[in-house]
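First comes the structure, then the notes that go with it.
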């Protein structure tokens with residue numbers, strides 16, 4: 001029979017148990033610490049993954065923006081880097097070379113100066129026979145060859161003294177003769193000089209300093225830049241009745257085009273807005289891009305026809321009017337979405353439906369129809385929504401994440417969702433040309449009007465004052481409307497400075 005453990009053994013066993021308990025407690029504490037550390041590392045890992053996803057998304061977006069150009073966005077071609085612009089020009093040149101050779105084409109009537117009624121006739125008679133050298137005086141004239149030279153005479157200013165005589169009546173009253181309107185100071189420039197100055201500044205976009213130099217050389221007297229600015233302001237003031245007429249005329253149009261582009265007054269960003277038709281062009285400058293600028297032009301808030309635009313947020317707020325979105329803008333955005341391979345086929349399908357709608361509308365318009373045949377229009381609408389539906393099927397399930405760079409959606413997916421949602425929710429505006437064949441596919445009418453503003457920025461730089469920018473916009477409205485009516489622009493400017501602004505004769509819708 002085993003003997004009972006001694007007290008010493010019991011104490012030793014109890015000590016071992018206590019030590020093991022202490023070690024166990026230490027291990028538990030260490031285990032808890034490790035668990036906490038693992039949890040902390042796990043949280044940090046999740047945060048790093050989210051940050052990595054956000055950074056990857058941001059890099060993708062920045063790469064997309066860096067590679068974006070006018071062919072895939074609403075950016076103007078002038079903003080493209082020189083490389084893509086050069087390649088695009090080369091591709092266009094190659095395409096033209098495939099279709100036609102340079103120069104006059106076979107069968108084309110060509111272009112040449114037409115003969116005019118001569119102001120001066122200069123005879124040229126041979127003095128002797130080219131064969132025997134006999135004198136030809138009194139010889140028979142058997143024919144003639146006429147060559148006409150169109151040239152400018154030497155520019156020399158015509159200086160006119162206007163003398164107003166003062167007469168004394170028998171009653172003692174003295175009466176001074178009236179000066180004509182152009183004689184406004186002891187020495188001043190007349191309406192012809194004002195016409196040329198305004199034409200150079202606002203039609204040819206020659207900088208103020210160079211215009212002053214040109215006129216000084218032509219006139220032989222010093223022309224100041226300050227006087228040129230005053231002339232431009234004077235032209236704008238005289239255009240008050242024309243601008244009132246223009247705004248009233250635009251309100252009567254069934255379809256107008258609206259757009260805006262950025263410019264600068266000194267170092268401040270401004271916006272140039274336009275409302276245009278085939279025969280009318282209103283241009284205005286405003287500090288804002290949105291609704292305040294639209295209201296200040298005093299046309300679109302009361303307009304009840306159809307506005308063609310690029311979908312900018314201020315236009316849908318005009319609830320009195322119908323709306324049509326520019327198909328050319330949508331095609332560029334679809335091309336941008338198609339750069340992501342997964343969306344290429346769907347984006348191409350949507351673009352194909354848009355081009356089908358364009359062709360159907362133009363064919364109906366050529367046939368004199370007010371709208372596309374209802375059955376054809378319905379088939380195009382069905383194809384349109386089916387093509388958009390295929391885009392949504394490629395997107396992740398659930399709603400789009402509210403914030404960028406939070407993971408879950410790539411920048412390409414967001415871009416595809418934004419465009420497809422806009423085209424779905426605004427399908428009536430996108431396909432307006434099916435219901436009204438007067439509505440064109442694109443917004444080129446407005447874009448052509450604003451293209452000259454970008455040219456002015458490029459040549460003359462920023463405007464020096466808000467008044468100067470507004471005067472330029474007023475004169476551009478006048479000149480572009482006159483150009484659409486094939487008027488001589490120097491003629492309508494001279495009319496402005498003499499008898500008053502030109503206004504076109506009443507016609508049908510512009």
## Note on the structure
Every listed condition ((1) exposed (fewer than 10 other Cβ atoms within 10 Å of the Cβ); (2) in contact with a strand residue (DSSP E or B) (Cβ under 7 Å, 6 or more places away or on another chain)) holds for residue 144 save (2)
### Task
Check segment 244-258 and report whether any residue there is touching a helix residue (DSSP H, G or I) at 6+ places or on another chain (Cβ under 6 Å) and over 30 Å from residue 309 (Cβ atoms).
no
### Query
Is there a residue in segment 321-333 that is in a loop (DSSP other than H, G, I, E, B), without any contact (Cβ under 8 Å) to a residue 24 or more places away in the chain and closer than 14 Å to residue 436 by Cβ?
yes
### Message
Given the criterion under 19 Å from residue 337 (Cβ atoms) and surrounded by 15 or more Cβ atoms within 10 Å (Cβ to Cβ), identify the matching residue among 365, 387, 371, 360.
### Response
387
### Task
Only residues that are in contact with a strand residue (DSSP E or B) (Cβ under 8 Å, 6 or more places away or on another chain) and part of a loop (DSSP other than H, G, I, E, B): list them for segment 305-320, please.
305, 310, 311, 312, 315, 316, 318
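Residues checked against (1) on the phi > 0 side of the Ramachandran plot; (2) not in a helix (DSSP H, G or I):
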residue: 445; (1), (2): no, no
residue: 452; (1), (2): no, no
residue: 458; (1), (2): no, no
residue: 472; (1), (2): no, no
residue: 486; (1), (2): yes, yes
residue: 493; (1), (2): no, no
residue: 497; (1), (2): no, no
residue: 500; (1), (2): yes, yes
residue: 503; (1), (2): no, yes
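Okay, residues lined up against (1) farther than 27 Å from residue 324 by Cα; (2) in the same structural domain as residue 252 (by TED's automatic domain parsing); (3) in contact with a strand residue (DSSP E or B) (Cβ under 7 Å, 6 or more places away or on another chain):
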| position | (1), (2), (3) |
| --- | --- |
| 392 | no, no, no |
| 412 | no, no, no |
| 415 | no, no, no |
| 420 | no, no, no |
| 426 | no, no, yes |
| 451 | no, yes, no |
| 455 | yes, yes, no |
| 470 | yes, yes, yes |
### Task
Could you check how many residues of segment 121-134 are touching a strand residue (DSSP E or B) at 6+ places or on another chain (Cβ under 7 Å) and surrounded by 10 or more Cβ atoms within 10 Å (Cβ to Cβ)?
1
### Message
Considering only segment 266-283, I want to know if a residue exists there that is assigned to a helix (DSSP H, G or I), in the same structural domain as residue 468 (by TED's automatic domain parsing), crowded, with 20+ Cβ neighbours inside 10 Å and in contact with a helix residue (DSSP H, G or I) (Cβ under 6 Å, 6 or more places away or on another chain).
### Response
no
### Message
If I go through segment 296-317 residue by residue, how many of them are more than 16 Å from residue 282 (Cα to Cα) and either at pLDDT 95 or above or not assigned by TED's automatic domain parsing to the domain that holds residue 256 (or both)?
### Response
3
### Query
So which helices (runs of 4 or more DSSP H) are wholly in segment 340-443 and hold at least 1 residues that are over 20 Å from residue 312 (Cα atoms)?
341-366, 374-393, 411-425, 432-435
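The values are calculated or read from the model by the stated rules, or taken from the named source; none is laboratory data. Note that the coordinates shown come from a computational prediction; the quantities given were computed from them, not determined experimentally. A quick note on method: Cβ atoms are made from the backbone with ideal geometry, for glycine too, and the neighbour counts reach across all protein chains shown.
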